[in-house]
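Structure first, then comments.
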Amino acid sequence: MKRIAVINPDATEEVRSSIKKLDFEPVEIGRSGAVAAPLSGHPDIQLFIHENTAFCHPDISVDFLKKIEGCCGIVICGTRIGKYPADTHYNIACIGRTALHRTEFTENTVRGCLESRGVGFINVTQGYAKCSTAVLGARGIITEDSVIHEKADSPGLESLLIAPGNVALPGYAHGFIGGATGHYGRSLVFTGCISHLPESSAIMDFIEKNGHDAVFLSRERITDLGTIFFING
């Protein structure tokens, strides 16, 4: 069965090579001219995936859609994206049966589908909820956002709060931990190394506590590339 990893066109050759070693085919998402340039190739700005369904904006590359259609059972085009806050419509952090997002910005088709599947929303102040949240399966999250951290306690999730400002994002002062990760099976995948993070030991302990292992795609410091979506087909 085909396995792909949706990546930012800016992903390095080392990152791509490491993804291939995980037995996933790297597939670039096209750049969107509707959002700020540093975010134009971020998958989590243009795409949201839940179970066998991919939701995307209607102007996404047709060539890209052809590449993912064989792995996603259903592809649904929803609302157009644009400058903030319209670039946050699909940037939803979904952990098991809980979705974290600034709900006034949530794309309506996504919301309706998730609610029909029994997923409940928790409203947070951060529009870039997925960028701000590294997801470990159906329970654990790592975030720099104090509101997301506090709200994650209410549905019985487990959250590790780390200091902001230590993840690179070219074009901005810094990026976010969620956008520097991806998740498949029992693995949390980082775009680079986390040894420079003050909480690196706590992060590794948290990952192990949640029954996961850590995968590092490069020897460079982690960079926010906009979430890597691993799709098992």
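The values are calculated or read from the model by the stated rules, or taken from the named source; none is laboratory data. Keep in mind that this is a model prediction, so the values were computed, not measured. As a convention, Cβ positions derive from the backbone with ideal geometry for all residues, glycine included, and neighbour counts pool all protein chains shown.
The requirement of being in contact with a Ser or Thr (Cβ under 8 Å, 6 or more places away or on another chain), within 15 Å of F230 (Cα to Cα) and modelled with pLDDT under 95 is satisfied by G73.
Residue by residue, here is whether (1) over 20 Å from I4 (Cα atoms); (2) touching a Leu at 6+ places or on another chain (Cβ under 9 Å); (3) in a loop (DSSP other than H, G, I, E, B) holds:
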| position | (1), (2), (3) |
| --- | --- |
| I142 | yes, yes, no |
| D153 | yes, no, yes |
| G156 | yes, no, yes |
| S159 | yes, no, no |
| P164 | yes, no, yes |
| R219 | yes, no, yes |
| G226 | no, yes, yes |
| F230 | no, yes, no |
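Conditions (1) at pLDDT 95 or above; (2) over 24 Å from V167 (Cβ atoms), marked per residue:
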| residue | (1), (2) |
| --- | --- |
| F48 | yes, no |
| V62 | no, yes |
| C94 | yes, no |
| G137 | no, no |
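Out of G182, G175, one residue alone is within 17 Å of the chain's Cα centre (by Cα), in a loop (DSSP other than H, G, I, E, B) and either of a type in the set (S, T, N, Q) or within 23 Å of A5 (Cβ to Cβ) (or both). It is G175. Residues being polar (S, T, N, Q) and either under 17 Å from H183 (Cβ atoms) or touching a Pro at 6+ places or on another chain (Cβ under 6 Å) (or both): count how many of those fall in the stretch 137-173. Qualifying residue count, the stretch 137-173: 2. Say we look at the stretch 207-233 and pick out the residues that are under 12 Å from the mean Cα position of the chain (by Cα) and not small (G, A, S); which of these is surrounded by the fewest Cβ atoms within 10 Å (Cβ to Cβ)? Of everything passing the filter in the stretch 207-233, F230 is surrounded by the fewest Cβ atoms within 10 Å (Cβ to Cβ).
Does E69 fit the bill of being of a type in the set (D, E, K, R) and in contact with a strand residue (DSSP E or B) (Cβ under 6 Å, 6 or more places away or on another chain)? Yes: the conditions hold for E69. Cβ-Cβ contacts under 7 Å between residues 6 or more apart (or on different chains), taken from a first residue in the stretch 152-163 that is within 14 Å of D205 (Cβ to Cβ) and free of Cβ contacts under 8 Å to residues at least 60 places away in the same chain to a second residue that is basic (K, R) and surrounded by 14 or more Cβ atoms within 10 Å (Cβ to Cβ), are listed as E158/R139. Anything in the stretch 123-153 that is closer than 22 Å to G226 by Cβ and of a type in the set (A, V, I, L, M, F, W, C)? List them, or say none. Listed by number, the residues that qualify are V124, A129, C131, A134, V135, L136, I141, I142, V147, I148, A152.
Within the stretch 1-16, the residues that satisfy the criterion of being under 12 Å from T191 (Cα atoms) and either assigned to a loop (DSSP other than H, G, I, E, B) or hydroxyl-bearing (S, T, Y) (or both) are N8, D10, A11, T12.
Scanning the stretch 16-33 for residues that are out of contact with any helix residue (DSSP H, G or I) (no Cβ under 9 Å at 6 or more places or on another chain) and either of a type in the set (A, V, I, L, M) or without any contact (Cβ under 8 Å) to a residue 40 or more places away in the chain (or both) gives R16, S17, I19, K20, K21, L22, D23, G33. In the stretch 114-126, the residues that are among the aromatic types (F, W, Y) form Cβ pairs under 6 Å with partners that are outside any loop (DSSP other than H, G, I, E, B), at six or more places apart or across chains, as follows: F121/A99; F121/T103.
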